[in-house]
Amino acid sequence: MNTPRIRALIVDDEPAARRGLRLLLERDEEIDVIGEAASGAEAVKRIVEDRPDLVLLDVQMPELSGFKVLEAVGARHSPAVIFVTAYDQHALRAFEVNAVDYLLKPFEDERFRAAVRRAKGQLRQRETESLGAKVSQLLAYLQSGAAGGADAVQDVITRERILLKSGGDIYFLKADEIDWIEADGDYMKFYAGGRTHLLRETMGRLEAKLDPRQFVRIHRSTIVNLSRVRKLSPSFAGEYAVVLHDGTKLRLSRGYHGRLQEMLKQAL
């Protein structure tokens, strides 16, 4: 049985930007580009009539902004959305509505492919009701007037997702993508799928914000995702190392040994 192809719509008021996005999408055998829109009003019409699975959406456009497009479309016709824009000050709003990703122009091809891979995964997992719920969150957020207060991107942490700004890119990092975290000076370093991301935060505040059923502190400077732990291995002088599925070995302090063992038993 063939996997259904993803129907994508490109929304940007700049013709060159639309051409570039189309070229990138057409390289993907799992995606059909079903059309383009050059304004917010046209985007609303295309989304409602064509029901795309995925929309690559600019934020600042004539007539209606990208956020106003989603507001006009409503939950019934809500697609998955990757925001593509030259402005980083809107990233917090995108994070609030659980957008798939937020690409800052200009971006590298690999960064684009990573966003599309994330969209594919999300589309495979989501039910229609789940997609609608995310747009409902946007409507409530806009109607509350809370969106007007953020002029710049900030690092944001919830138990499910973390917004990070790194090297000019903005990443929406899902909690379950994180392998482990370590303190690095005034920053926390996130290890996720072979990549690292830095966040200016303290260990104590970060630990308090993460789900304690998923993330456990194993050292004064290290937090690990329980689902990544393969085994505990004797180290030296009665201490143990935490061995992850990818072979990474992390030091386990004696003071955290008992709690980690208890959490691993509960996870079985």
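The values are calculated or read from the model by the stated rules, or taken from the named source; none is laboratory data. Here the structure is a predicted model, which means the values were calculated and not measured. All Cβ positions, glycine included, derive from the backbone under ideal geometry; neighbour counts span all protein chains shown. The protein model used for the area step is the full one, side chains on, heavy atoms only, and it has no ligands, DNA or RNA in it. Shrake-Rupley method; radii C 1.70, N 1.55, O 1.52, S 1.80 Å.
Details
- Loop-located chymotrypsin sites (Phe, Trp or Tyr not before Pro) in region 184-250, at most 12 other Cβ atoms within 10 Å (DSSP): PHE236
- Within the assembled protein chains, the solvent-accessible surface assigned to GLU207 is about 60 Å², based on a 1.4 Å probe.
- The portion of the accessible surface of region 1-123 made up by carbon and sulfur, rounded to a whole percent, is 48 (1.4 Å probe; DNA, RNA and ligands excluded).
- For region 178-268, the share of accessible area belonging to carbon and sulfur comes to 47 percent (1.4 Å probe, ligands and nucleic acids excluded).
- Zero-based 5 Å bins, Cα pair distances in region 212-267, whole percents: 4, 21, 36, 28, 10, 1
- P(r) histogram, all alpha-carbon pairs of region 171-241 included - 10 Å bins from 0, percent: 19, 53, 24, 4, 0
- Over 18 Å between alpha carbons, listed pairs LYS209/LYS265; LYS120/LYS174; LYS189/LYS209; LYS68/LYS165; LYS120/LYS165; LYS105/LYS165: LYS209/LYS265; LYS68/LYS165; LYS120/LYS165
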